[in-house]
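Chemist: I have a structure I would like to understand better, so I am pasting it below and will then ask my questions one at a time.
The values are calculated or read from the model by the stated rules, or taken from the named source; none is laboratory data. This structure is a prediction, so every number in the text was calculated from the model and none was measured. So basically every Cβ, Gly included, is an ideal-geometry build from the backbone, and we count neighbours across all protein chains shown.
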Amino acid sequence: MNNTIKQLSRSPKFMTGFCMFVAIILFTLIYPLVNPGNPLEMIGVGTFARPGTYVSLYDAVSAQRETFKLADADDKRLAASISDEDRVAMIELFGMAGMELDIEAGDTEALLEAWEANFDTLIQTKMTSAKRKYYTRINNKLLDLKAADTLVVYEQGEEDSKSKIVKTDYVRTGAVANVKTLPLGTDNFGRDVLKELVSAAKTSLMIGLIAGTVATLVGLTLGLLSGYLGGNVDEIIMFITTMFTVIPSFVLLILISYSLGQEQRGPSVVAIVIGLTSWTWTCRSVRSQVISLRNRDHVNLSKLSGHSLGRIIVTDILPYIASYVVMAFILQVSSGILAEAQLSLLGLGPKTTTTPTLGLMMNWAMLYSAHTNGSWWAYFPVILTIACISFSLNLMNTGMDQVFNPALRDG
C-alpha cells in the first residue's frame with residue numbers, strides 16, 4: 001500500500017488531477033461558510049446583471065463626500081454614456097450622409113469630435129421620423145452631460161428636500177451602507193451566479209460519486225461472478241449485459257427519468273438511475289480480468305484448501321484488480337456528472353425548485369437565451385467547472401494507468 005502511494009505521488013498527471021479535484025471540493029465546502037444563504041434566493045429584480053460591485057444609489061446620496069478633480073473623468077463619463085448600439089448607429093449615420101470617416105466604434109474621442117462638428121449636417125440626412133428622434137435623443141444626452149455640472153436629487157419625492165451632486169463629488173464604497181459584489185453577476189432569475197455555481201458543483205459532485213459507486217459496485221459484482229464461475233452463470237450475466245449494451249445507456253436513462261416524473265427526481269434518485277444504467281462496461285472489463293486470474297496457482301491452491309467462494313474472490317482475486325476498479329470508479333464518477341448535465345439540458349434532471357446542479361444551470365441559461373444576448377457569465381463558468389472536474393478526474397485516471405500498467409510505464 002505504501003509503495004502504491006509513493007508511486008502515485010511521483011506521477012505528475014495523477015498529482016495534478018488530484019490537486020485540482022481536491023481544490024474544487026474544498027472550494028464547494030468553504031465558500032458557503034464565507035457567503036452563507038440560499039443559493040436560489042432571488043436578490044435581483046432584473047435578469048442577467050453583469051459581474052461587478054453594485055452600490056446603493058439611495059445610500060450613496062447621503063454618504064460623506066470628498067472632492068476629486070480627475071483629468072479624464074469627463075471623457076470616461078461620456079464614453080460610458082454611449083452604448084455599443086449607439087456607437088454603431090452613429091457610424092452608420094455618417095455612412096448614410098456620405099461621410100466616409102475612418103473612425104472605429106471604440107475611439108470615443110474621435111467619434112464625439114466628428115459627431116459634434118457634423119451633427120447639424122447629419123440630421124438633415126433622409127431618414128424615418130423614428131430614426132431622426134433616436135439620433136436627436138443621443139445628441140441631446142451628450143449635450144446635457146457636457147453642460148451639466150450638478151445633479152439635483154429629490155429625496156422621497158419631496159421638492160423641498162433635495163441634494164445637489166456635483167461632478168467632482170466622490171464617496172468611498174466603505175461609506176455606503178449597502179454594497180454588493182457579484183463576481184459572476186446574476187442569472188435570468190436575479191440569483192447570485194457564483195453562490196449558485198458552488199452549490200450546483202457540490203450537488204453534481206455528489207451525483208457523480210453516488211452514480212459512480214452504484215455503477216462500480218454493480219459492474220464489479222457481476223463481473224467477478226461471471227468471470228470466476230463461468231458456465232451458465234457467465235452466460236446469464238453476459239446476456240443481461242448484452243441487453244443493456246444493445247440499448248444505448250443514455251436512451252435508457254432518458255426513458256427511466258421521464259417515467260419517474262419531476263417530483264420524484266431528486267439528486268439521489270437521478271444518481272442511482274445513472275449508476276444503474278452505466279455499469280455494463282465495468283462488468284465486461286472486470287470479467288476479462290478475472291478470467292485471466294481464476295486459474296492461477298494461488299487461486300487453485302485456495303480451491304484445494306477448501307476456501308469459500310467469497311473468500312477466494314475477496315482475498316485472491318480482488319486485490320489483483322483493485323487498482324483497475326479504482327480507475328473504473330474514477331471514470332464512472334466523471335461519466336455520472338456528464339450524464340446529469342445532459343439529462344438536465346433536456347429537462348429530465350433533478351427537480352428545478354429545490355437544488356441547483358451544473359446541468360440545471362445550463363438548462364436555465366439556454367431557456368432564457370443567455371448565449372444569444374451576451375450573458376456569458378450565466379453559462380461559461382458552468383462549462384468551465386464541468387470541464388475542470390472531468391479533466392482532473394481523467395488526469396488522475398491516466399496517471400494511475402501509467403503507474404499500474406507495465407506497458408505504459410516510462411523506461
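Chemist: Do any residues in the range 180-191 that are within 15 Å of residue 380 (Cβ to Cβ) have Cβ atoms under 6 Å from those of residues that are in a loop (DSSP other than H, G, I, E, B) and among the charged types (D, E, K, R), where the two are at least six apart or on different chains, and which pairs are they?
Modeler: Matching pairs, first to second residue: 185/50.
Chemist: Applying the selection to the range 176-197, what residues are among the hydrophobic types (A, V, I, L, M, F, W, C), assigned to a helix (DSSP H, G or I) and either surrounded by 23 or more Cβ atoms within 10 Å (Cβ to Cβ) or not assigned by TED's automatic domain parsing to the domain that holds residue 383 (or both)?
Modeler: The answer is 193, 197.
Chemist: Among (1) more than 21 Å from residue 375 (Cα to Cα); (2) assigned to a loop (DSSP other than H, G, I, E, B); (3) touching a helix residue (DSSP H, G or I) at 6+ places or on another chain (Cβ under 8 Å), where does residue 69 come up short?
Modeler: In the conditions (1) more than 21 Å from residue 375 (Cα to Cα); (2) assigned to a loop (DSSP other than H, G, I, E, B); (3) touching a helix residue (DSSP H, G or I) at 6+ places or on another chain (Cβ under 8 Å), residue 69 misses (3) alone.
Chemist: Can you tell me which of 349, 310 is surrounded by 15 or more Cβ atoms within 10 Å (Cβ to Cβ), out of contact with any strand residue (DSSP E or B) (no Cβ under 6 Å at 6 or more places or on another chain) and at negative phi?
Modeler: Result: 349 is the single residue among 349, 310 that is surrounded by 15 or more Cβ atoms within 10 Å (Cβ to Cβ), out of contact with any strand residue (DSSP E or B) (no Cβ under 6 Å at 6 or more places or on another chain) and at negative phi.
The rows are residues; the columns are (1) in the same structural domain as residue 392 (by TED's automatic domain parsing); (2) closer than 30 Å to residue 368 by Cβ.
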{"position": "9", "(1), (2)": "yes, no"}
{"position": "29", "(1), (2)": "yes, yes"}
{"position": "35", "(1), (2)": "yes, yes"}
{"position": "47", "(1), (2)": "no, yes"}
{"position": "51", "(1), (2)": "no, yes"}
{"position": "62", "(1), (2)": "no, no"}
{"position": "65", "(1), (2)": "no, no"}
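Chemist: Residues 23, 73: which one is at pLDDT 80 or above and more than 20 Å from the chain's Cα centre (by Cα)?
Modeler: Being at pLDDT 80 or above and more than 20 Å from the chain's Cα centre (by Cα) holds for just one of 23, 73, which is 73.
Chemist: Residues being free of Cβ contacts under 8 Å to residues at least 12 places away in the same chain and more than 20 Å from residue 241 (Cα to Cα): count how many of those fall in the range 282-313.
Modeler: Looking only at that region, the number is 13.
Chemist: Being under 33 Å from the mean Cα position of the chain (by Cα) and either modelled with pLDDT of 90 or more or within 13 Å of residue 223 (Cα to Cα) (or both) is true for just one of 325, 286. Which residue is that?
Modeler: Working: 286 fails: under 33 Å from the mean Cα position of the chain (by Cα).
Exactly one residue qualifies, and that residue is 325.
Chemist: Among the residues of the range 82-96, which ones are in a helix (DSSP H, G or I) and more than 14 Å from residue 116 (Cβ to Cβ)?
Modeler: 84, 85, 86, 87, 88, 89, 91, 92, 95, 96
Chemist: Let me ask something else about it. Of the conditions (1) modelled with pLDDT under 75; (2) touching a strand residue (DSSP E or B) at 6+ places or on another chain (Cβ under 7 Å); (3) surrounded by 11 or more Cβ atoms within 10 Å (Cβ to Cβ), residue 150 clears all except one; give me its number.
Modeler: (3)
Chemist: Considering only residues that are outside any helix (DSSP H, G or I) and β-branched (Val, Ile, Thr), look in the range 350-398 and name the one that is farthest from residue 189 (Cα to Cα). Don't jump to the end; show me each part of the working.
Modeler: Step one: list which residues in the range 350-398 are outside any helix (DSSP H, G or I), which gives 350-357, 368-375, 379.
In the following step, the residues that additionally are β-branched (Val, Ile, Thr) were identified as 352-355, 357, 372.
On the way: 352: 13, 353: 12, 354: 14, 355: 15, 357: 15, 372: 17 Å.
This residue is 372.
Chemist: Here's a follow-up. Hey, any hits in the range 343-366 for a residue that's under 26 Å from the mean Cα position of the chain (by Cα) and under 26 Å from residue 288 (Cβ atoms)?
Modeler: no
Chemist: Also, I was wondering about something else. Which residue, of 17, 52, 44, is at pLDDT 90 or above and within 30 Å of residue 167 (Cβ to Cβ)?
Modeler: Matching residue, one of 17, 52, 44: 52.
Chemist: List every residue pair whose Cβ atoms lie under 6 Å apart, where the two residues are 6 or more positions apart in sequence or sit on different chains, the first residue falls within the range 119-130 and is assigned to a helix (DSSP H, G or I), and the second residue, located anywhere, is surrounded by 10 or more Cβ atoms within 10 Å (Cβ to Cβ).
Modeler: 119/139; 122/93; 122/97
Chemist: Check the range 20-33 and report whether any residue there is surrounded by 14 or more Cβ atoms within 10 Å (Cβ to Cβ) and in contact with a Phe, Trp or Tyr (Cβ under 6 Å, 6 or more places away or on another chain).
Modeler: Scanning the range 20-33, I find no residue that is surrounded by 14 or more Cβ atoms within 10 Å (Cβ to Cβ) and in contact with a Phe, Trp or Tyr (Cβ under 6 Å, 6 or more places away or on another chain), so the answer is no.
Chemist: Could you list, in sequence order, the residues of the range 363-409 that are surrounded by fewer than 17 Cβ atoms within 10 Å (Cβ to Cβ) and charged (D, E, K, R)?
Modeler: Scanning the range 363-409 gives a single hit, 409.
Chemist: Any residue that is outside any loop (DSSP other than H, G, I, E, B), within 31 Å of the chain's Cα centre (by Cα), modelled with pLDDT under 85 and in the same structural domain as residue 142 (by TED's automatic domain parsing) - is there at least one of those in the range 99-115?
Modeler: Taking the range 99-115 as the starting set, the residues that turn out to be outside any loop (DSSP other than H, G, I, E, B) are 108-115.
Going one step further and asking which of them are within 31 Å of the chain's Cα centre (by Cα), we end up with none.
No: zero hits.
Chemist: Which of the residues belonging to the range 226-266 are in contact (Cβ under 8 Å) with a residue 60 or more places away in the chain and either acidic (Asp, Glu) or within 17 Å of residue 281 (Cβ to Cβ) (or both)?
Modeler: 226, 227, 250, 253, 263
Per-residue answers, yes or no, for (1) farther than 22 Å from residue 394 by Cβ; (2) surrounded by 13 or more Cβ atoms within 10 Å (Cβ to Cβ):
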position: 217; (1), (2): no, yes
position: 250; (1), (2): no, yes
position: 258; (1), (2): yes, yes
position: 263; (1), (2): yes, no
position: 272; (1), (2): yes, yes
position: 291; (1), (2): yes, yes
position: 326; (1), (2): no, yes
